[in-house]
There are 4 protein chains.
Amino acid sequence: MIGIGVIGYGYWGPNLVRNFHEVSDAKIVAVADLRDSRLEKLRKQYPAVKALKDPLELLRDPAVDAVVVATPVSTHFELAVEALRAGKHVLVEKPMTATSEQARRLIDEAEKRRRVLMVDHTFIYTPAVRKVRQLVAEKKLGDVLYYDSVRVNLGLFQHDVSVIWDLAVHDLSIMEYIVPARPVSVSATAISHVPRQPENTAYVTVFFDAPVIGHVHVNWLAPVKIRRTLIGGSEKMVVYDDLEPSEKIKVYDKGITVTSNGESVYKLLIGYRAGDMWAPQLEMTEALRFEAEHFVGCVRDNKRPDTDGQAGLSVVRLAEAATQSAAERGRPVEL
Amino acid sequence: MIGIGVIGYGYWGPNLVRNFHEVSDAKIVAVADLRDSRLEKLRKQYPAVKALKDPLELLRDPAVDAVVVATPVSTHFELAVEALRAGKHVLVEKPMTATSEQARRLIDEAEKRRRVLMVDHTFIYTPAVRKVRQLVAEKKLGDVLYYDSVRVNLGLFQHDVSVIWDLAVHDLSIMEYIVPARPVSVSATAISHVPRQPENTAYVTVFFDAPVIGHVHVNWLAPVKIRRTLIGGSEKMVVYDDLEPSEKIKVYDKGITVTSNGESVYKLLIGYRAGDMWAPQLEMTEALRFEAEHFVGCVRDNKRPDTDGQAGLSVVRLAEAATQSAAERGRPVEL
Amino acid sequence: MIGIGVIGYGYWGPNLVRNFHEVSDAKIVAVADLRDSRLEKLRKQYPAVKALKDPLELLRDPAVDAVVVATPVSTHFELAVEALRAGKHVLVEKPMTATSEQARRLIDEAEKRRRVLMVDHTFIYTPAVRKVRQLVAEKKLGDVLYYDSVRVNLGLFQHDVSVIWDLAVHDLSIMEYIVPARPVSVSATAISHVPRQPENTAYVTVFFDAPVIGHVHVNWLAPVKIRRTLIGGSEKMVVYDDLEPSEKIKVYDKGITVTSNGESVYKLLIGYRAGDMWAPQLEMTEALRFEAEHFVGCVRDNKRPDTDGQAGLSVVRLAEAATQSAAERGRPVEL
Amino acid sequence: MIGIGVIGYGYWGPNLVRNFHEVSDAKIVAVADLRDSRLEKLRKQYPAVKALKDPLELLRDPAVDAVVVATPVSTHFELAVEALRAGKHVLVEKPMTATSEQARRLIDEAEKRRRVLMVDHTFIYTPAVRKVRQLVAEKKLGDVLYYDSVRVNLGLFQHDVSVIWDLAVHDLSIMEYIVPARPVSVSATAISHVPRQPENTAYVTVFFDAPVIGHVHVNWLAPVKIRRTLIGGSEKMVVYDDLEPSEKIKVYDKGITVTSNGESVYKLLIGYRAGDMWAPQLEMTEALRFEAEHFVGCVRDNKRPDTDGQAGLSVVRLAEAATQSAAERGRPVEL
């Protein structure tokens, strides 16, 4: 039985507690939050769980084997590093840290102490994203040509982080998981429509060490909610629409055919293929539940999680580069 | 009665001839095309129209008052400038020219000779785009905050121009028409997936001399057809979906409210507004028919067209800057 | 404070308990269910609520002022009549009873004992349905011409009742609430695709004492989920799509214009009108929460609920007539 | 070369002429219409075709081998029978005749004279409908359980025929083509909202000599256009949406599983299956062009068309029965 401590019981914390509660090999031991009202809420729903104000008390608790950090981004590093130093395994909310420097230090600390460090890139644990990854791995799409994602809605403006660090990290983590190439540079543009507030609209292009391009459009100020990703392959193409109740993934047997007409390499004939569309049935598992079991399993069996510290670092580096590029109106930033 | 000559009877030419044919004040006098098969097709359908091989013969014809240039982009400038020198009024396909330098010279020539110079930015003559412009002009949307357009499908790969010069010019022309600010710089990224062929996927950000951002995503290699534009305003927001058979324009009474809590300018409270949605009934006029009448009217009454040489130049400059920026992976290019 | 007892803790019971729990003037006193596992589940979540096996024990409890009957249809009448005889106010699941005779006796019993009798026609308490009713009441649609509803999906086959008594009662209750006319006869057709099982597909037409027609299509065996209702009016028409996350109600300013050409009454000229579409913003209240408060308010203030015994009876009569008509392949049944 | 004469050059006639024009083995010889304006239009576009006022003159023309009757329904029988008597092959607009008695006499006449009699059930020649028929024939859907079709829009009110004879005949012809069973009775309900005008809204249920049910909903007075058919099978189910630009046919691997639990035949366990969805690529052929070639091929090779006189009769009988049933508010009418 793995004892779990959760730091932060705000927006996401209750979801984490509910899901870890249902994992058979785990037990929620303690939850820490600075706000009394949150602790009161916790006590009502989970009377058996220790409700603590001081996260350090939670870290000192020997019944806690693993810690989930679900606090604002600016505190991730300090809490996670303290947890690792206290010998705990750690699952950190996305984005893993506020800087890539912090991410690297966290990875070092975890390796030094042989502890599991995992980042909560929830979408990696959805059946839809795993299905696309599988299609790519099985070469069903051919070569991946582009990854294009739109994530917009009239959303919760964040005061401490921009829309890149809030929404785009979801897409960047999925892109990293799916695209079988290494990002090499980033160009991003963004705008804030509210004075002295972080950017609420952003466009991020990622270049890779292969002929594939990635693009993410995120916006907190859109009249409609869109969650649509196009993944182009040389053989097949995917539309992943997360708002579809069923058929989230549609695989199109479409593409182009390129033939040389023999005379000259400069005279390519480009034809079009259009075939069937296919929407694979997806499992109905809740991503967070699956993720909680994955974390507990990694802790128990001393395995590396699908979203390990390196995955967390990669996304933080991309977000960092995008932020820097956006501040210079799109100037490309090498990774 | 205005005599019309059309140069180029390929993909778009027959549409132009059909529409000018129905304009009461105009008469198609001659059509020129290099290919015999095209001229044969013309003769069958319009036996009364002169079918010429040599465009210069068309330009010499005194019965021709105005010339429509519907040839590949690389030939626009030369044909248009010859037409102006021959004293003809000119309507040029989009993009108006291959370079902004050519566009400027065309404008000068037209002014010197007091002839109408118009560019065929067809979308400007659609009821949907004109309705959005009207909403902006009447301040119904408040301040325009962003213009975001997606135009993707499994499309005809062009060999001579990139997707920026083929598809994005549509969006850039609409953006220029709708956004009440002056573009100041461009950052673009793009990729070609076929060796030695122009870019087939591109992302273009336009910065303005006002707190508004423009973005265009164009792609010839998408599994689904999308023609969707989001226009954010401080009061209302618009979704313009050109594939909707009716309700192309939806106006959302949504937005944010920003209030200072008095203590500090750094502590802004951001709230959300969500109200009714409204889809105004649009006229059913065909854009090209309306545009043909507009051109004939401008020639007859010596008026400046809605899409004059300056509009053509602006779009060419944006496409030029986007191409340059894309070649440098997003480096911003000042206009 | 009104004491609430709930009989039946199966599919719907927990939703009822959760919602009544949040009503400030009410208190869940006891829940009865025959199955130990259900009671166990209740005890865990609501340790303060009495978990009873015997519904009669619940009815004898003086702390219980009002009883919610959430058991299979065949038991509604007996439990409800016992509750009324015990002096309790009663809220019964839909359909109110298995026969119209039972419905009438229930109404009599409630009147005799001056107790509130309410039926849980949940959709009547949704913002969407109330908005349509309001539009009709304010004559915004003109005369109501038809009510057409489709409610299909791959659904839970019921063993004890047909799809008419399971799904169609939702639509019949909404139709009764919205259409300002009195049903006079019913023609229905239906089929069962599983031997010895109730009908899983049905079509019900309702005729009124006015020139309006109602139709309901229900199906447990459809590959896709559809919840769409068209309401035609002489001035405007409504599409109510319950699966739309927002914009559930769309009001179309469309219709026909009928003019006599003067010569003869037989020569009518029929024209078409097409105007704007408008999607009113709807409140976000949960229907069941609103309904629970309505019931508690009616009990407290001795008022007649929006879905009173008569509403329950009307729907049962329609379902009864539809069942009879379907058994005779559509023969019309007078009400 | 088959000589074609067309009687009626109103709404549908020009489409027929255009498509027969492109059939290599056929030649449009003559067109007859009572209205001078129509003939004028014809002469302009097809100067080589004889433009006649008198249909009898067309029937006497020895260059005419086959006649297409595209006039109002009330005249179909007389013109078609005259054409057959004149030794011509005949293609008649849908519905084939105004009564089943007329349809039978037409079939007799055609058989007696060994001439091709074909009815223009256009949808039978669409790639979508043929694909569904093929899926059924190959037993891919298992047993067909139901056919449910909705065809509604703000449509052209007809003065001479009801919505059953105008729109429902499309669906009835498709249903007959797809459902592998014989219709045995019909129950229909309908309403006219304009005094002294034919019904503009109708619901038609068709019963078969097998456990399958058919239903058609047609409406000229709907605010939105819907063309959607659900075809349920015991193995798979189809959604056919004619308004989808691509993916008109979606095949769902969904259904129920029925198992007996051994104890009793009354205790059936019903489970649900949900699998992949698949949208087969459809050919892009225009239905009318394909149909024209089919007619010409049948005339040339003396073959029976897919939509022969019997197909025409079946649909007329269903429409006749539906009309009679609707007049009696749903009373079932045996076929």
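Looking at the range A:196-252, what strands (runs of 3 or more DSSP E) fall wholly within it and have at least 1 residues that are hydroxyl-bearing (Ser, Thr, Tyr)?
Strands (runs of 3 or more DSSP E) meeting the threshold: A:201-208, A:221-233, A:237-241.
From the list C:Leu156, C:Leu91, which residue is more than 26 Å from C:Ser246 (Cβ to Cβ), hydrophobic (A, V, I, L, M, F, W, C) and within 14 Å of chain D (Cβ to nearest Cβ)? Please lay out each step first, then the result.
Working: C:Leu91 fails: within 14 Å of chain D (Cβ to nearest Cβ).
Going through C:Leu156, C:Leu91 in turn, the sole match is C:Leu156.
Would you say D:Arg289 is touching a helix residue (DSSP H, G or I) at 6+ places or on another chain (Cβ under 6 Å) and on the phi < 0 side of the Ramachandran plot?
Taking the combined requirement at face value, the residue satisfies it.
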Against the definition (free of Cβ contacts under 8 Å to residues at least 60 places away in the same chain and within 14 Å of chain B (Cβ to nearest Cβ)), how does A:Phe208 come out, yes or no? yes
Restricting the range C:282-333 to residues that are under 17 Å from C:Glu176 (Cβ atoms) and not in a helix (DSSP H, G or I), the one nearest to the other protein chains (Cβ to nearest Cβ) turns out to be C:Val333
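Conditions (1) over 20 Å from the mean Cα position of the chain (by Cα); (2) more than 21 Å from A:Val206 (Cβ to Cβ), marked per residue:
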{"residue": "B:Gln158", "(1), (2)": "no, yes"}
{"residue": "B:Ile164", "(1), (2)": "no, no"}
{"residue": "B:Ile178", "(1), (2)": "no, yes"}
{"residue": "B:Pro195", "(1), (2)": "yes, yes"}
{"residue": "B:Val204", "(1), (2)": "no, no"}
Mind checking which residues of the range B:214-228 are surrounded by 24 or more Cβ atoms within 10 Å (Cβ to Cβ) and of a type in the set (Val, Ile, Thr)? B:Val216, B:Val218
Could you list, in sequence order, the residues of the range C:1-22 that are at pLDDT 95 or above, within 16 Å of C:Arg300 (Cβ to Cβ) and of a type in the set (A, V, I, L, M)? C:Ile2, C:Ile4
Using beta carbons and a limit of 9 Å, which pairs, at least six apart or on different chains, have the first residue in the range B:19-33 and of a type in the set (Phe, Trp, Tyr) and the second one assigned to a strand (DSSP E or B)? B:Phe20/B:Ile4; B:Phe20/B:Val6; B:Phe20/B:Ala26; B:Phe20/B:Lys27; B:Phe20/B:Ile28; B:Phe20/B:Val68
Among what's in the range C:123-155 and is free of Cβ contacts under 8 Å to residues at least 60 places away in the same chain and outside any loop (DSSP other than H, G, I, E, B), pick the residue that is farthest from the chain's Cα centre (by Cα). C:Ala137
Any idea how many residues of the range D:275-308 are surrounded by fewer than 18 Cβ atoms within 10 Å (Cβ to Cβ) and polar (S, T, N, Q)? 2
Residues of the range D:215-257 being more than 28 Å from C:Val251 (Cα to Cα), among the β-branched types (Val, Ile, Thr) and within 7 Å of chain C (Cβ to nearest Cβ), in sequence order, are D:Ile256
Of these, C:Val216, C:Val265, C:Val258, which one is assigned by TED's automatic domain parsing to the domain that holds C:Ala188 and either modelled with pLDDT of 95 or more or under 28 Å from B:Ala274 (Cβ atoms) (or both)? C:Val216
If the Cβ limit is 9 Å and pairs must be 6+ apart or interchain, which residue in the range B:93-122 that is at pLDDT below 95 pairs with which residue that is of a type in the set (Val, Ile, Thr) and crowded, with 16+ Cβ neighbours inside 10 Å? none
Kindly establish whether B:Asp160 is surrounded by fewer than 22 Cβ atoms within 10 Å (Cβ to Cβ), out of contact with any Lys or Arg (no Cβ under 8 Å at 6 or more places or on another chain) and not assigned by TED's automatic domain parsing to the domain that holds B:Phe77. yes
Failed condition for A:Asp166, given (1) within 20 Å of A:Thr75 (Cβ to Cβ); (2) surrounded by fewer than 21 Cβ atoms within 10 Å (Cβ to Cβ); (3) among the charged types (D, E, K, R), with all others met? (2)
What's the total number of residues in the range D:107-140 that are touching a Gly at 6+ places or on another chain (Cβ under 6 Å) and surrounded by 23 or more Cβ atoms within 10 Å (Cβ to Cβ)? 2
Tally of residues being free of Cβ contacts under 8 Å to residues at least 12 places away in the same chain and more than 8 Å from chain B (Cβ to nearest Cβ) across the range A:196-205: 0
Quick one: in the range B:165-195, of everything that is outside any strand (DSSP E or B) and farther than 24 Å from B:Val238 by Cβ, which residue is modelled with the lowest pLDDT? B:Pro195
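The values are calculated or read from the model by the stated rules, or taken from the named source; none is laboratory data. Nothing here was measured: the structure is a model prediction, and the numbers come from that model. As a convention, Cβ positions derive from the backbone with ideal geometry for all residues, glycine included, and neighbour counts pool all protein chains shown.
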